[in-house]
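Below: the structure, in structure tokens.
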Amino acid sequence: MLLEIILATIVGCMFGIITGITPGIHINLVSVLILSVSPLLLTFLSPIILAVLILSMAITHTFLDNIPSIFLGAPTEDTALSILPGHRFLLNGRGYEAVMLMVLGSFSGLILSVAAIPLLLIIFPATYELIKDYTGYILLVAMGFLILREKSKTNAIILFFLSGILGILTLNIGISNPLFPLLSGLFGVSTLVVSIKDKVNIPKQIISYPELDKKESIKTSVISFIIGAICSFMPGIGPAQGATLGSQFFKKISQKGFLILVGGLSTVNMALSIITLYKLEKARNGAVVVILKLVETITQSEFIILTAVTLISASVAVFLCIKFSKIFSNLITKINYQTLCISIIIFIILLTILLSGIPGLYILILSTFIGIIPQYLDTPKSHLMGCLILPVLFYFL
Amino acid sequence: MGESKLIKISILCSVIGLLMLLIISETISLKDSDISSIDSSKLENKVKIKGVIKRATNKDTISVLNVEDYTGNITVTAFTPNYNFTKNEVIEVEGIVKDFQDQVQVDALKIKCF
């Protein structure tokens, strides 16, 4: 059994490399594929072994998906807000640093999560019962506060509602994989289009480790842990919404701190979702939904196994991130960046058509236009997360 | 924190994870349970039993088996499309103890046929 667990962890990490580095391939997609072949796999594997495989893939993914978001401008919903600061780092020859900052955020957030597990096992169930009926109101107050803090409140409201309406329409018109064209357009393709228009050239990338302010690093790691923990058990609030709230509530953090924050959120959310699964028997993301379907209930021993696998996968993922980001840093300057941007845009278009059809392409074009607006209104792109927050608000209210 | 320090911490974390697995490995594998010991006090627990199929009813997506060992017999429900269990087949079942119409039974998660 021990050998099976270790092998499943290794295989999961390998899957996580593929899903993390390849834009458009999400862990939810692969998890559902594993579920579909599980009747065959369960003839020789225990359900907990498949759960280990999925969890290690998910944890590895949260580390490695930082690489395409920085180097290729291709974010997921968890890394969308890292695009602009990450892009700035890339244009200053410090793409590797940007990835390392996000990896630091992920790893420190994960260590804090595992260390806090005994406390969270008590806090989660108690807190969930208190606030589960007020999620919509909490989110409404938080978003109102964020908009009121902006210099140009009108611009913030316009962006929030424009993206929000787009989000509601996209999620309700019945296209498959709606998030891919929506978020790629708002955060990815729009950034690439501006890069092409501005004839951006990627300078030679320096492989150097970021210099960190110790105080700020600790502060942002703790913030990402707290917000990630809230996201992991609150219905309707994911790392994307958490990043928006975190970035606005803690505006005084530097760009480095912001990347640590965003990097940590998705990893903490995934790591702590096993507590939500164990204590509340609820799943807050696609991979954990599949785990729940496979194992039905989690015993204490299985919970400890999953925690151990989280630690091992994260450690492997750190090493993989260091290696892959060095490779990307060296490769990116050997390619004409305009050509690369155009290639990525074409790739995203083709993937959109494959995953979401022609309606998805329409959404991609529309969201790209909307995604370009903040850069000319001098308003943070974070308000474009209205595309996910407004639908959640409508659902709960 | 430099790159080498980060790698050292990650190696330490992976060693801690492996140690946790090593320590828990004794309790990972479910031990075989006597069928007679499975009662309502074990509801929602995972158990492992080994026995002979005394009666098998196979439908499209579900099979209902009566499994017997030397201590007793129990109903096992298996969701195994396209597989027909046969009488006198020796099987090992890992599953969850459930209550169905006041009868304790096992919903199988994994079945090994010998």
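What follows draws every value from the coordinates through simple rules; no lab data is involved. Because the structure is a prediction, the values reported are computed rather than measured. Counting neighbours? That spans all protein chains shown, and the Cβs are built from the backbone with ideal geometry, glycine included.
Along the stretch A:355-364 the Karplus relation, 6.51 cos²θ - 1.76 cosθ + 1.60 evaluated at θ = phi - 60°, assigns HN-Hα couplings of 7, 10, x, 5, x, x, 5, 4, 4, 4 Hz to successive residues, with x for each Gly and Pro. For the stretch A:283-397, the gyration tensor built on C-alpha atoms gives an oblate shape. Its axis ratio a/c (a ≥ b ≥ c) is at least 1.5, and a/b is not larger than b/c. In percent, rounded to a whole number, the relative contact order of chain B is 22, using alpha-carbon pairs under 8 Å and six or more apart. Using alpha-carbon positions, what is the distance between the centroids of the stretch A:276-299 and the stretch A:55-74, in Å? Centre-to-centre (Cα) distance: 22 Å. When each of A:Thr339, A:Thr135, A:Thr127 is scored by the number of other beta-carbon atoms lying within 10 Å, the sequence from fewest to most is A:Thr339, A:Thr127, A:Thr135. With contacts taken as Cα pairs under 8 Å and at least 6 residues apart, chain A reaches a relative contact order of 32 percent.
Restricting the calculation to Cα atoms, chain B yields a radius of gyration followed by a Dmax of 20.0, 65 Å.
Could you please rank A:Leu182, A:Leu166, B:Leu6, placing first whichever residue has the fewest other Cβ atoms within 10 Å of its Cβ?
The most exposed by this proxy come first: B:Leu6, A:Leu166, A:Leu182.
Classify the stretch A:314-367 as rounded, prolate or oblate from the Cα gyration tensor: take a ≥ b ≥ c as the square roots of its eigenvalues, call it rounded if a/c is under 1.5, otherwise prolate when a/b beats b/c and oblate if not. Oblate. When the Cα convex hull of the stretch A:80-236 is projected onto planes of every orientation, the mean area is 12.7 nm². Between the C-alpha center of the stretch A:12-50 and that of the stretch B:25-103 there is a gap of 27 Å. Please identify the trypsin sites (Lys or Arg not before Pro) of the stretch B:37-84 that satisfy two criteria: DSSP loop assignment and at most 12 other Cβ atoms within 10 Å. Which are they? For trypsin sites (Lys or Arg not before Pro) across the stretch B:37-84 that sit outside H, G, I, E and B with at most 12 neighbouring Cβ atoms in 10 Å, the list reads B:Lys59.
Between helix B:3-28 and chain B there is an angle of about 30 degrees, using the helix long axis and the longest principal axis of the Cα atoms.
This model, with +1 at the C-beta of Lys and Arg and -1 at the C-beta of Asp and Glu, gives chain B a dipole about its Cα centre of some 300 debye.
Per-residue 3J(HN,Hα) values for the stretch B:94-106, derived from phi via the Karplus relation 6.51 cos²θ - 1.76 cosθ + 1.60 with θ = phi - 60°, read 10, x, 10, 6, 10, 10, 10, 6, 6, 10, 7, 9, 10 Hz in sequence order (x marks Gly and Pro). For the stretch A:151-208, the equivalent ellipsoid built from the Cα gyration tensor has semi-axes of 29, 19, 10 Å, listed from largest to smallest.
Applying a threshold of 29 Å to the alpha-carbon distances of A:Lys293/B:Lys8; A:Lys197/A:Lys323; A:Lys293/B:Lys59; A:Lys197/A:Lys326; A:Lys132/B:Lys42; A:Lys215/A:Lys279 flags A:Lys293/B:Lys8; A:Lys197/A:Lys323; A:Lys132/B:Lys42; A:Lys215/A:Lys279 as lying beyond it. Over the Cα atoms of the protein assembly as shown, the radius of gyration divided by the Kirkwood radius equals 1.02; this is the Rg/Rh ratio. When only the Cβ of Lys, Arg, Asp and Glu is charged (+1, +1, -1, -1), the dipole of the protein assembly as shown relative to its Cα centre reaches about 1560 debye.
Amide H contacts of B:Asn45: B:Val97, each under 5 Å away and 5 or more positions distant or on a separate chain (H built 1.01 Å from N in the peptide plane; Pro and chain starts excluded). Here the residues A:Ile122, A:Ile372, ranked from fewest to most Cβ neighbours within 10 Å of their Cβ, fall in the order A:Ile122, A:Ile372.
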